[in-house]
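J.: Quick one: structure below, then a few questions.
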Amino acid sequence: MNKFLDIKPEVAQALAEGKPVVALESTIISHGMPYPQNVQTALEVDRIIRENGAVPATIAIIGGRLKAGLSPEEIEYFGKKGTQIAKASRRDLAALCARGEDGATTVATTMIIAHMAGIKIFATGGIGGVHRGAETTMDISADLEELASTPVMVVCAGAKSILDLGLTLEYLETHGVPVIGYGTPELPAFYTRKSGFAVDYRIDTPEEVAKAFKTQIEMGLRGGMLLANPIPEEYSMDADEISGAIAEALRQCAENGVHGKETTPFLLAKVKELTGGDSLNANIQLMYNNAAVAAKIAAAYCK
Ligand code: PSU
Ligand code: MN
């Protein structure tokens with residue numbers, strides 16, 4: 001095992017016995033939602049994963065150790081410290097561990113640590129992607145490069161249109177990452193079920209998703225797979241309300257000269273501020289939905 005990694009005993013036991021495990025990211029807790037809803041949501045996600053037959057493993061960096069599986073107390077610690085904890089992407093892992101610091105793992109780093117631990121399925125809310133204006137800023141999330149190289153399936157609700165969804169799909173295509181729509185032919189846009197962009201394949205059952213991913217792994221192809229699971233109809237938001245908020249958030253981002261790792265948290269916080277509690281509730285509900293689907297896929301993968 002990697003000498004920088006600690007696997008929670010319950011998670012290690014499930015993996016040793018070939019039982020289903022679902023990885024979860026910690027940036028969604030520290031940077032993605034306000035306290036205490038972030039902690040309540042993370043604990044409810046754990047419960048939903050168990051209810052659907054898998055063991056949850058929240059991934060994070062604590063005191064310079066890579067962690068696969070957090071206790072409720074550790075989840076509370078991340079939720080309370082929030083954005084004071086460093087947002088950790090691939091380039092941050094070595095420095096944070098060498099210095100004995102904490103880090104909140106993004107989709108990219110959660111994939112890396114899940115893979116080190118032997119976890120194949122990971123549930124999150126939304127992924128990073130190619131930002132609007134990337135043709136001049138070159139702002140492309142490290143999440144995409146990780147999907148291209150690390151064999152973990154990421155279950156998400158698509159990507160927010162703070163990103164350029166068309167360019168994000170082009171990048172994934174170039175790097176050979178399959179984008180699967182769960183029960184839909186269309187890429188969902190996080191808060192809404194539609195984006196106008198087609199996915200590569202539509203698959204309707206956890207068993208068929210697990211089979212597609214297992215085939216990719218057994219074939220020896222590098223990289224992950226992206227499963228886009230649309231937000232349930234009853235929680236999806238009004239497309240015009242959301243696109244208005246995103247346009248305003250992007251305007252404020254440019255006006256304030258925000259760049260680098262601060263861009264995504266800035267945009268997410270602004271959209272939340274502009275849409276009030278609606279977007280937070282949508283975010284929580286789509287996360288629950290992704291957790292349930294990921295647990296079912298993990299269970300099917302282990303059969
Ligand atoms: N998009 C969301 N919610 C999130 C994130 C992205 O809708 O919480 C977080 C995830 O942790 C993701 C990270 O991996 O932001 C991407 O950051 P960046 O764009 O800096 O790579
Ligand atoms: Mn970026």
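J.: Being within 22 Å of Ala254 (Cβ to Cβ), out of contact with any helix residue (DSSP H, G or I) (no Cβ under 9 Å at 6 or more places or on another chain) and β-branched (Val, Ile, Thr): is that true of Thr215 here?
T.: Numbers: within 22 Å of Ala254 (Cβ to Cβ): no; out of contact with any helix residue (DSSP H, G or I) (no Cβ under 9 Å at 6 or more places or on another chain): yes; β-branched (Val, Ile, Thr): yes.
Here the answer is no, as Thr215 does not meet what is asked.
J.: Pairs under 6 Å by beta carbon, first residue closer than 13 Å to Leu268 by Cα in the stretch 118-133, partner more than 11 Å from ligand 1 (Cβ to nearest atom) and aliphatic (A, V, I, L, M), six or more apart or different chains?
T.: Filtered contacts from the stretch 118-133: no entries.
J.: Can you find, within the stretch 250-264, the residue that is nearest to ligand 1 (Cβ to nearest atom) among those that are closer than 11 Å to Ile162 by Cα and within 21 Å of the chain's Cα centre (by Cα)?
T.: Thr264
J.: In this structure, does Ala245 turn out to be away from ligand 2 (no atom under 16 Å from the Cβ) and either farther than 30 Å from Thr150 by Cβ or touching a strand residue (DSSP E or B) at 6+ places or on another chain (Cβ under 7 Å) (or both)?
T.: Details: away from ligand 2 (no atom under 16 Å from the Cβ): yes; either farther than 30 Å from Thr150 by Cβ or touching a strand residue (DSSP E or B) at 6+ places or on another chain (Cβ under 7 Å) (or both): yes.
Judged against the criteria, Ala245 is a match.
J.: Inspect the stretch 256-272 for any residue being aromatic (Phe, Trp, Tyr), surrounded by fewer than 19 Cβ atoms within 10 Å (Cβ to Cβ) and within 15 Å of Gly125 (Cβ to Cβ) and give the result as yes or no. Step through it out loud before you land on a result.
T.: Just the residues of the stretch 256-272 that are aromatic (Phe, Trp, Tyr), to begin with: 266.
Keeping just the survivors that are surrounded by fewer than 19 Cβ atoms within 10 Å (Cβ to Cβ) gives 266.
From what's left, within 15 Å of Gly125 (Cβ to Cβ): none.
Checked against the condition, which is being aromatic (Phe, Trp, Tyr), surrounded by fewer than 19 Cβ atoms within 10 Å (Cβ to Cβ) and within 15 Å of Gly125 (Cβ to Cβ), the stretch 256-272 yields no hits at all.
J.: Does the stretch 109-119 hold any residues that are crowded, with 24+ Cβ neighbours inside 10 Å and of a type outside the set (A, V, I, L, M, F, W, C), and which are they?
T.: Thr109, Thr110
J.: Being within 25 Å of Phe197 (Cα to Cα) and more than 16 Å from ligand 2 (Cβ to nearest atom) is true for just one of Ala298, Ala239. Which residue is that?
T.: Working: Ala298 fails: within 25 Å of Phe197 (Cα to Cα).
Exactly one residue qualifies, and that residue is Ala239.
J.: In addition: Can you give me the number of residues within the stretch 241-293 that are free of Cβ contacts under 8 Å to residues at least 60 places away in the same chain, in a helix (DSSP H, G or I) and of a type in the set (S, T, N, Q)?
T.: Of the residues in that region, 4 qualify.
Bear in mind these aren't lab numbers, they're just calculated from the coordinates by the rules spelled out. Just so we're clear, the structure is a prediction, and the values are computed from it rather than from any experiment. Please note: Cβ atoms are built from the backbone with ideal geometry, for glycine as well, and neighbour counts cover all protein chains shown.
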